[in-house]
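Notes follow the structure.
The values are calculated or read from the model by the stated rules, or taken from the named source; none is laboratory data. It should be emphasised that the depicted structure is a prediction, and the values quoted were computed from it without experimental measurement. Note that each Cβ is placed from the backbone with ideal geometry, even for glycine, and that neighbours are counted across all protein chains shown.
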Amino acid sequence: MRKPPVQIDLHAEAFLSDWQDYTADELANESLIYMRDMLDAAIYWDMPEIKFVHGKGKGILKKMIYDELRIYKDQRVISHYHPAYHNEDIVVVVIGL
């Protein structure tokens, strides 16, 4: 498992070469899967935190990401998460418990 960068862009064009071939719902689901993979890698590597860029848009991806992070927090896999102080289009996930 490769160590992820500190900040991950969840916009599909950042990690999918064929993103034009997906529907909007499929893109959102692919972004969520990618977020899980990167968060799991960050946890594996004992990173203190990781940031995810979800963007503005209609807020669909942001809601999906926050719902998923709530599960990680409830299961005590992460400490907490919050919008970045300088940019609400980014969520900061604090991993250390």
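Does the stretch 72-86 include one or more residues that are among the charged types (D, E, K, R) and within 9 Å of the chain's Cα centre (by Cα)?
So far as the stretch 72-86 goes, no, none of its residues is among the charged types (D, E, K, R) and within 9 Å of the chain's Cα centre (by Cα).
Can you tell me which of (1) part of a helix (DSSP H, G or I); (2) within 24 Å of Met1 (Cβ to Cβ); (3) touching a residue at least 12 places away in the same chain (Cβ under 8 Å) is the one Tyr66 doesn't meet?
(2)
Say whether the condition of being assigned to a helix (DSSP H, G or I) and either in contact with a helix residue (DSSP H, G or I) (Cβ under 8 Å, 6 or more places away or on another chain) or in contact (Cβ under 8 Å) with a residue 24 or more places away in the chain (or both) is met by at least one residue in the stretch 82-97.
The answer is no, given that none of the residues of the stretch 82-97 is assigned to a helix (DSSP H, G or I) and either in contact with a helix residue (DSSP H, G or I) (Cβ under 8 Å, 6 or more places away or on another chain) or in contact (Cβ under 8 Å) with a residue 24 or more places away in the chain (or both).
Just the residues that are under 17 Å from Lys51 (Cα atoms), of a type outside the set (A, V, I, L, M, F, W, C) and at pLDDT 95 or above, please, taken from the stretch 1-31.
Of everything in the stretch 1-31, those that are under 17 Å from Lys51 (Cα atoms), of a type outside the set (A, V, I, L, M, F, W, C) and at pLDDT 95 or above turn out to be Lys3, Pro4, Pro5, Gln7, Asp9, Ser31.
Going residue by residue through the stretch 28-36, is there one that turns out to be part of a loop (DSSP other than H, G, I, E, B), closer than 21 Å to His82 by Cα and not β-branched (Val, Ile, Thr)? It would help to see each step written out before you state the result.
Of the stretch 28-36, the ones part of a loop (DSSP other than H, G, I, E, B) are none.
Checked against the condition, which is being part of a loop (DSSP other than H, G, I, E, B), closer than 21 Å to His82 by Cα and not β-branched (Val, Ile, Thr), the stretch 28-36 yields no hits at all.
For the stretch 43-63, name all the residues that are part of a loop (DSSP other than H, G, I, E, B), under 20 Å from Tyr85 (Cα atoms) and at pLDDT below 95.
His54, Gly55, Lys56, Gly57, Gly59, listed by residue number.
Return the pairs, sorted by first residue and then second, in which the second residue is in a loop (DSSP other than H, G, I, E, B), the first residue lies in the stretch 1-14 and is more than 16 Å from Met64 (Cβ to Cβ), the beta carbons are less than 6 Å apart, and the residues are 6+ apart or on different chains.
Lys3/Trp45
Scan Ser17, Ser31 and give me the residue that is of a type in the set (Gly, Ala, Ser) and out of contact with any Leu (no Cβ under 9 Å at 6 or more places or on another chain).
Answer to the check: Ser17.
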